[in-house]
Amino acid sequence: MKILDKQRFQNDLLNWYDQEKRDLPWRKERDPYRIWVSEIMLQQTKVDTVIPYFYNFMDKFPTLEKLAEAEEEEVLKAWEGLGYYSRARNLHTAVKEVKEFYNGQVPDTEDEIKKLRGVGPYTAGAILSIAYNVPAPAVDGNVMRVLSRIFTIYDDISKVSVRKKFEEIVRETIAADRASDFNQAMMELGATVCTPRSPACLLCPVQQHCEAREEGVQEILPVKAKKKAPRPVSLKALVAQDYSGRYLVEKRPDTGLLAKLWQFPYIESLTESDEDLKSFAEELSVNAEKFSYQQHVRHVFSHLVWEMDVYQARGKITNPAPNQKLLTKEELKELTFPVSHQKILYKLEEEL
Ligand code: SF4
């Protein structure tokens with residue numbers, strides 16, 4: 001592995017960061033709570049998408065205390081559309097732990113912070129370094145990509161053991177007195193210059209230190225084992241409305257995919273005919289004559305793809321189950337729906 005001139009590398013990286021860093025809302029101060037929320041939101045989500053959610057979330061829950069006291073339903077509502085809702089639930093649980101066991105102060109040691117729900121090695125390192133300037137590694141996919149190129153490391157970055165190897169490299173390389181800036185500079189470099197495809201090596205502040213560039217192999221690094229393609233599932237969803245204009249919706253179970261979110265009832269369906277939909281409506285005690293096609297909704301999860309045909313029906317609806325409700329359009333807006341079912345709601349909004 002390449003021997004790095006550590007001092008020069010730090011200087012080149014940090015000088016560039018001082019001049020080029022983006023003006024992001026969570027960088028305005030070093031409040032560990034704000035940094036924590038931003039880091040959780042940024043997992044699997046792009047910066048531009050996160051910014052409005054972050055402002056909205058901070059308006060609603062400006063302090064850790066306020067978030068700890070909020071109802072889960074309110075927190076999920078503020079997260080609606082960001083996806084990966086377990087992130088919001090874990091964050092909510094963890095801030096309650098901080099309020100109860102750490103007097104409302106986000107812990108500043110690796111041992112303590114890693115015990116909080118949903119705080120993995122990356123988030124722990126990001127909070128510790130950015131908020132408290134602790135020289136802890138914050139290694140995510142971006143940082144692994146940059147380091148695998150600088151040091152021409154061909155190990156598979158999807159393996160935990162390989163992430164640990166990169167963490168050791170950061171511990172060796174981090175500027176101890178500017179840990180916050182160092183980690184943010186590495187993230188920024190990965191996000192804006194050393195991008196997955198066509199890295200901008202000519203503009204790169206650490207090009208002199210980069211072995212992959214020297215060897216011309218930057219485009220083939222990092223090595224990452226291909227994930228299995230998500231499994232497609234065909235669904236039929238029913239938007240049932242009673243004669244007073246209320247819609248039948250149901251709450252998902254407390255655990256598992258999209259736990260506790262609301263949805264329009266649906267079934268898995270392998271047929272194109274609407275016979276199974278009619279039997280499903282009967283099971284739901286929806287007495288309707290006509291089923292009209294509304295739209296097709298496709299939603300990709302990490303392991304599944306929902307291919308959902310949506311139908312609307314109007315009729316008498318009796319005895320909703322305990323997890324179901326009959327609600328007006330206005331009342332539906334109070335609930336939290338996953339993105340796929342929000343698309344159905346938008347369609348209803350378009351109707352006069
Ligand atoms: S020189 Fe190119 S490959 Fe190397 S770190 Fe910079 S952008 Fe990435």
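Read the figures in this text as sums done on the coordinates, not as results from a lab. Note that the coordinates shown come from a computational prediction; the quantities given were computed from them, not determined experimentally. Because the Cβ atoms are built from the backbone with ideal geometry, glycine has one as well, and the counts that use them run over all protein chains shown.
Only Cα sites of the stretch 38-111 enter the Debye sum here, all with the same form factor; the resulting log10 I(q)/I(0) across q = 0.12, 0.17, 0.24 1/Å is -0.32, -0.64, -1.17, listed in q order. With the helix formula -39500 (n - 2.57) applied to DSSP H stretches of n ≥ 4, the chain reaches a computed 222 nm mean residue ellipticity of -13000 deg cm²/dmol. Derived scalar couplings between HN and Hα for the stretch 209-225 equal 9, 9, 6, 4, 5, 4, 8, x, 10, 4, 6, 9, 10, x, 8, 9, 4 Hz in order, rounded to whole Hz, by the Karplus curve 6.51 cos²θ - 1.76 cosθ + 1.60 (θ = phi - 60°), x for Gly and Pro. Restricting the GluC sites (Glu not before Pro) of the stretch 10-99 to loop positions (DSSP other than H, G, I, E, B) with no more than 10 neighbouring Cβ atoms within 10 Å leaves Glu29, Glu71. Assign one of three labels to the stretch 96-202, namely rounded, prolate or oblate, based on the Cα gyration tensor with a ≥ b ≥ c the square roots of its eigenvalues; rounded applies when a/c is under 1.5, prolate when it is not and a/b is larger than b/c, and oblate otherwise. Prolate. Across the stretch 189-289, Cα-Cα pairs more than 18 Å apart make up 68 percent of the total. In plain terms, the C-alpha convex hull of the stretch 231-350 casts an average shadow of 7.2 nm² when viewed from every direction. In a simple Cβ point-charge model (Lys, Arg +1; Asp, Glu -1; nothing else charged), the stretch 6-220 has a dipole of about 240 debye relative to its Cα centre.
The H on the amide N of Phe301, modeled in the peptide plane, is under 5 Å from the matching H of Trp306, each at least 5 residues off or on a different chain.
Taking only the Cα atoms of the stretch 1-131, the radius of gyration and Dmax are 16.2, 52 Å. Of His209, His299, His341, the sequence from fewest to most neighbouring Cβ atoms within 10 angstrom is His299, His209, His341. Among the trypsin sites (Lys or Arg not before Pro) in the stretch 285-352, those placed in a DSSP loop whose Cβ has at most 12 other Cβ atoms within 10 Å are Lys333. Take the Cα pairs of the chain, get the Kirkwood Rh, then feed it into Stokes-Einstein at 25 °C and 0.890 mPa s and tell me D in µm²/s. Once the numbers are plugged in, D ends up at 107 µm²/s.
Distance between the 7 Å Cα→Cβ label points at Thr271 and Ser158: 3.7 nm. For the stretch 127-229, trypsin sites (Lys or Arg not before Pro) are listed when DSSP marks them as loop and at most 11 other Cβ atoms sit within 10 Å of their Cβ; the list is Arg197, Lys226, Lys227, Lys228.
Ranking Thr192, Leu82, Leu221 by Cα position along the charge dipole of the chain, where only Lys, Arg, Asp and Glu carry charges on their C-beta atoms, puts Leu221 farthest toward the positive end.
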